[in-house]
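Just so it is clear, none of the values below were taken in a lab; they were calculated from the coordinates. Computed from a predicted model, the values in this text were never measured in an experiment. No Cβ is skipped: glycine too gets one built from the backbone with ideal geometry, and neighbour counts run over all protein chains shown.
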Amino acid sequence: MEVRLDHRVPLLERSDDGRLVASHHPFTSPMAEDLDKLESAPAEVRARAYDLVLNGNEIAGGSIRIHRGDIQSRVFKAIGLTKRTRAPSSASCWTPSATDRRRTVESRRTRPAGHASVWRRFAA
């Protein structure tokens with residue numbers, strides 16, 4: 001039995017048609033030391049993610065999500081996703097509803113100081 005923990009997972013990979021796509025999902029955080037490569041060499045950026053492999057088969061995995069709007073915008077740009085190109089059905093991903101805004105305000109009371117609101121990520 002061979003068990004392996006892969007933690008050098010690429011953030012982005014090429015699809016069959018040559019486009020860059022998210023290897024795990026588009027909200028996976030890139031490694032801090034690779035941020036400078038996001039625009040110049042996006043295929044070399046590593047993700048803050050891991051895969052648990054048993055006998056060559058992935059049996060578990062996980063990732064750290066992006067918590068900064070500026071980084072999220074850069075990842076979206078790298079995969080060609082902009083506010084203009086998103087599907088109309090994904091609007092809730094970009095614009096909070098009134099209920100979400102209320103929850104965000106209420107949850108700030110329990111957050112540690114300095115934690116950026118996820119809804120401010122696209123305000124810039």
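Using θ = phi - 60° and the Karplus form 6.51 cos²θ - 1.76 cosθ + 1.60, what ³J(HN,Hα) does each residue of segment 12-17 get, whole Hz, x for Gly and Pro?
Ordered by residue, 3J(HN,Hα) equals 10, 9, 8, 7, 4, 8 Hz.
When you count, for each residue, the other Cβ atoms within 10 Å and take the mean per peptide, how do 11-18, 68-75 rank with the highest first?
Working: 11-18: 13.1, 68-75: 16.5.
So the order, starting with the most tightly packed, is 68-75, 11-18.
State the extension gain, in nm to one decimal, for the chain segment bounded by H67 and D6, taking 0.36 nm per residue of separation less the distance between their alpha-carbons. Can you show the working numbers first?
On the way: separation 61, 0.36 × 61 = 21.96 nm, distance 2.28 nm.
Using 0.36 nm per residue and subtracting the Cα-Cα distance, I get 19.7 nm.
Taking H as built 1.01 Å from N, whose amide H comes closer than 5 Å to the amide H of R48, not counting residues under 5 places away?
Here the answer is S29, M31, I64, since their amide H atoms fall under 5 Å of that of R48.
Per residue of segment 72-83, in order, report the coupling 6.51 cos²θ - 1.76 cosθ + 1.60 (Karplus, θ = phi - 60°) as ³J(HN,Hα) in whole Hz, putting x for Gly and Pro.
Along segment 72-83, the couplings run 4, 4, 5, 5, 4, 4, 4, 9, x, 9, 10, 4 Hz.
Which ³J(HN,Hα) values in Hz, rounded to whole numbers, follow from the phi angles of segment 51-68 under the Karplus curve 6.51 cos²θ - 1.76 cosθ + 1.60, where θ = phi - 60° and Gly and Pro get x?
Using θ = phi - 60°, the values come out as 10, 9, 10, 10, 6, x, 10, 6, 10, 7, x, x, 7, 9, 7, 6, 10, 10 Hz.
Which residues does a label at E58 reach in segment 3-19, if reach means a backbone N under 17 Å from a point 7 Å past the Cα toward the Cβ?
Residues 3-16 fall inside that zone.
Would you calculate the separation in nanometres between label points at V21 and I79, each defined as 7 Å from the Cα along the Cα-to-beta-carbon direction?
1.0 nm
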